[in-house]
């Protein structure tokens, strides 16, 4: 993910004996020149911070008093702080001769006074809590922390903590590091903080932080290692062990037969991303993801309404707490293709510039990402795409090569199995293709396999029972039936090998034409197994092709019965209704 924010503690991290390290000051200036926002997050009372740090214009925002007070130095804007200390509490501290310093919202004292302060809070029945910071203790309102203050500041700036690195040293930095996508603890700091951090910064003082910040300034993405605490649970293996995917650091491919559960898996991952505050943009050709609108911050465009212009879509995605589903199910296929070609480059440019959306999902990807100019549509180096397809073999080779995680639902097409195995060849050993076909073709609804190329699979195939979803799965009533096949691959109705001049380019057209085609034409195609062969070779729908093949093989010459059976087979497979009923 793009690196957009540095959130850094003051005392013990970038300052010693009250004094900001000069090298750190220069490093922060370098970050800001590169359009990285710097937020100083401290437990200090704001006036005290000004006393020791001087002019605060060396940062973009200050979160002081352990999250209770926020100020933007360049504008002087300061949102309303948390409630001030209760007068009765402050008076009781004076009466007990407990040395303290009251800020706009918190009260701080020597950590050794904590037992006496706690007794006062209990006696006065006050909704205040204690937070320790080395040798000091802070008394502050409940539910206030460095994390709450940082999130509020970033919301005002229209930035996301998922694009942030946080650096701290002490007990009160736990929430700060948890809030940031990458949490860094300094080596000379709290042992407990180091144990919970994503990365421990080696060194002996602020000079080490200065060097680390300068290293951050030279990169556009968040640093490695990838956070192990931010994962998306997919399902459980036969031994009960969970399999969860790291949120960032890869493009993900989800493949499988039509109606095998691909969009269920995709929706499952999107739910978790959205509920954890990530911004997601889902380009939804068939209306499978509109139920995600039930989640907070999700907006659905399109459907029966006009599709949003690319600039309107990008404007919505500039808010870090917003996710968007673009429902293209009512658009003709040609319009879907044109829209994808217009919006995908814009989304890539937005993410390069702002870091959002955090993930871009393209369903039915084979229809849109097979041409040689695919790199003009996607920036695969962003490692931010989830691509969903029942024809992975049709994706451009550059797209397949950039897929570093692959989840497969039931896959019964031998050609598709072979293509997926080839992607994993280097890490999948020498398992015969026939064994792969049995494994992937034997999956049932509610199951999936993480292929060995997926890091969390550990070089093995991991068969999973998928976990439940929060939102219902929505399947569009006419999924696939109105998508035209390429020119030259339509079904040509013929009599004794001579075309009749009638051609079906979609499944809906196929069953409509079938119903009014002369009996001798239908009879010839059925006896040659042309119907099942076309469905298998052109649509790749092997389950439907198998059903149609059985009908052809059981055909006894009753054309009217065969037409009814074929029509019912297609309708049952695709929930087909007439357009006027949809």
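So how far, in whole Å, is the C-alpha centre of the stretch 269-286 from the one of the stretch 378-445?
About 22 Å separates the Cα centre of the stretch 269-286 from the one of the stretch 378-445.
Once you have a ≥ b ≥ c as the square roots of the Cα gyration tensor eigenvalues for the stretch 83-143, tell me rounded if a/c is under 1.5, and otherwise prolate or oblate according to whether a/b is larger than b/c.
Taking the square roots of the gyration eigenvalues as a ≥ b ≥ c, the stretch 83-143 is rounded.
Going highest first, how would you order 52-58, 147-153, 440-446 by mean Cβ packing within 10 Å?
Order by mean packing, descending: 147-153, 440-446, 52-58.
Note the full-extension length gain between residue 125 and residue 96 as 0.36 nm times their separation in residues minus their Cα-Cα distance, in nm to one decimal.
8.7 nm
Sort 194, 546, 2, 262 by Cβ crowding within 10 Å, fewest neighbours at the top.
546, 194, 2, 262
What nm value, rounded to one decimal, do you get for the distance between residue 518 and residue 311 when each label is placed 7 Å out toward the C-beta?
5.8
Test of understanding: what is the full-extension gain from residue 373 to residue 48, defined as 0.36 nm times their sequence separation minus their Cα-Cα distance?
111.2 nm
Say each of residue 17 and residue 500 gets a label point 7 Å from the Cα, pointing the same way as Cα to Cβ; how far apart are those two points in nm?
9.6
Under 8 Å for C-alpha pairs, at least 6 residues apart: give me the relative contact order for the stretch 183-289, rounded to a whole percent.
Here the relative contact order equals 15 percent.
Just report the Cα centroid separation between the stretch 508-567 and the stretch 58-104, whole Å.
Going from one Cα centre to the other spans 77 Å.
With 10 angstrom as the radius, rank 410, 180, 424 by how many other C-beta atoms surround their C-beta, starting from the fewest.
Result, fewest neighbours first: 424, 410, 180.
Using alpha carbon centroids, what distance separates the stretch 124-149 and the stretch 1-45, in Å?
23
Normalising by the residue count of the stretch 231-466, find the relative contact order in percent from Cα pairs under 8 Å and 6+ residues apart.
About 25 percent, as a whole number.
Would you please put 263-271, 355-363 in order of how densely packed they are, using the mean number of other Cβ atoms within 10 angstrom per residue and starting with the highest?
Result, highest mean first: 355-363, 263-271.
If each DSSP helix of 4+ residues adds -39,500 (n - 2.57) and the sum is divided by the residues in the chain, what number results at 222 nm, nearest 500 deg cm²/dmol?
-10000 deg cm²/dmol
Percent of Cα-Cα pairs per 10 Å bin, from 0 to the last occupied bin, for the stretch 231-466, please list those.
8, 34, 38, 17, 3, 0
Assign one of three labels to the chain, namely rounded, prolate or oblate, based on the Cα gyration tensor with a ≥ b ≥ c the square roots of its eigenvalues; rounded applies when a/c is under 1.5, prolate when it is not and a/b is larger than b/c, and oblate otherwise.
Prolate.
Just the number, please: percent antiparallel of the DSSP beta bridges in the chain, rounded to the nearest 5.
Percentage antiparallel, nearest 5: 45.
Using alpha-carbon pairs under 8 Å, 6+ residues apart, how would you state the relative contact order of the chain in percent?
Normalised by residue count, the contact order of the chain is 11 percent.
Using the basic label-point model (7 angstrom from Cα toward the beta carbon), what is the residue 415 to residue 295 distance in nanometres?
Going by the 7 Å Cα→Cβ label model, 3.4 nm.
Could you tell me which of rounded, prolate or oblate describes the stretch 491-581, using a ≥ b ≥ c as the square roots of the eigenvalues of the alpha-carbon gyration tensor, with rounded for a/c under 1.5 and, failing that, prolate when a/b is larger than b/c and oblate otherwise?
Rounded shape, in that the Cα axes give a/c under 1.5.
Please report 190, 346 as a ranked list, fewest other C-beta atoms within 10 angstrom at the top and most at the bottom.
346, 190
Rule-based calculations on the coordinates, nothing more; no lab input. Treat the numbers as computed from the prediction; the structure is a model and nothing was measured. Glycine also receives a Cβ, built like all others from the backbone with ideal geometry; neighbour counts cover every protein chain displayed.
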